[in-house]
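Q: What follows is a single structure, and I will ask about it in a moment.
The values are calculated or read from the model by the stated rules, or taken from the named source; none is laboratory data. Just so we're clear, the structure is a prediction, and the values are computed from it rather than from any experiment. Using ideal geometry, Cβ is built from the backbone for each residue, glycine included, and neighbour counts are taken over all protein chains shown. The area values use the complete protein model at the heavy-atom level, side chains included, leaving out ligands, DNA and RNA. Shrake-Rupley method; radii C 1.70, N 1.55, O 1.52, S 1.80 Å.
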Amino acid sequence: MAMSGKSSLCLRCAKVSVDNWVSQVSQMLHEGVIYRHIVLTVPEILRKTFYQQAQAVLSPFMRCGVRCLDDVFSRVSGCALQGGDIVVIQTHGRNGHYNPPLHIIATSGGWEPQAQQWIHLDYVPYALLRKTWQWPLLTMLRQTVKTPEIRQLVDTCYTRYRAGCVTNVQKGDVPTR
């Protein structure tokens, strides 16, 4: 007999909850605007820190993702852009292990305030996104968790991950489901 905990702690119930949330969000997206699903990950050596310091780091973590995308969009377009983002932290993978990537539904472009116009971007350079994501993520950790251990972990990340942190940008529009 199947059992359900009816909470997000149960992986089966969490899946149902996520599907319901996605359905609600998809109804709020603006018609005519192209969106992308972007995933910004955390290096494996930092996951324990994110787990232990969740209350301190998860909110700044989401703000880092938004800053990163605005910075990338601005660099690609050559002018300061502010994109639209829906940010979700997925704290556990399908196997139940703690792994906190950011899932972002992001506009493909942004608002340029001086020209008062929307600038569409067809392409986001993957290498630029990886390197740009590394800086705000590691800076946030260093400023939020001020310990010698974190400073050492951050320095290790810069050395070990010279190409930046892993990111994933799905090709094409965000699926309608």
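Q: Near the amide H of GLY109, under 5 Å away, which other amide H atoms are found, from residues 5 or more places off or on another chain, if H is placed in the peptide plane?
A: Amide H to amide H, under 5 Å and 5 or more residues apart or across chains, GLY109 pairs with LEU121.
Q: Between ARG142 and VAL33, what is the label-point separation in nm under the 7 Å Cα-to-beta-carbon projection?
A: 3.3
Q: Also: Per residue of the range 29-40, what does 6.51 cos²θ - 1.76 cosθ + 1.60 with θ = phi - 60° give for ³J(HN,Hα)? Whole Hz please, x for Gly and Pro, Karplus curve as stated.
A: After applying 6.51 cos²θ - 1.76 cosθ + 1.60, I find 5, 7, 5, x, 9, 8, 10, 10, 9, 10, 10, 10 Hz.
Q: Using just the alpha carbons, could you tell me how many Å³ per residue the convex hull of the range 97-142 encloses? Write down the numbers at each step before the final one.
A: Details: hull volume 5.8 nm³, N = 46.
Per residue, the Cα convex hull of the range 97-142 comes to 127 Å³.
Q: Mind listing the phi-derived Karplus ³J(HN,Hα) values for the range 100-112, rounded to whole Hz, using 6.51, -1.76 and 1.60 with θ = phi - 60°, and x for any glycine or proline?
A: Working through the residues one at a time gives x, x, 8, 9, 10, 8, 10, 5, 8, x, x, 8, 9 Hz.
Q: Enumerate the calculated ³J(HN,Hα) couplings along the range 42-47 in order (Karplus 6.51 cos²θ - 1.76 cosθ + 1.60, θ = phi - 60°), each rounded to whole Hz, writing x wherever the residue is Gly or Pro.
A: Along the range 42-47, the couplings run 10, x, 4, 5, 9, 5 Hz.
Q: According to the square roots a ≥ b ≥ c of the eigenvalues of the Cα gyration tensor, what is the shape class of the range 9-88, taking rounded for a/c under 1.5, prolate for a/b larger than b/c otherwise, and oblate for the remainder? Kindly include the intermediate steps, with their values, before the conclusion.
A: Working: a/c = 2.65, a/b = 1.16, b/c = 2.29.
Here the range 9-88 falls in the oblate category.
Q: Let me ask you something else. At 1.4 Å probe size, put MET62, MET140, MET28 in order of accessible surface, largest to smallest. Working shown, then result.
A: Details: MET62 70, MET140 10, MET28 130 Å².
Largest accessible area first, the list is MET28, MET62, MET140.
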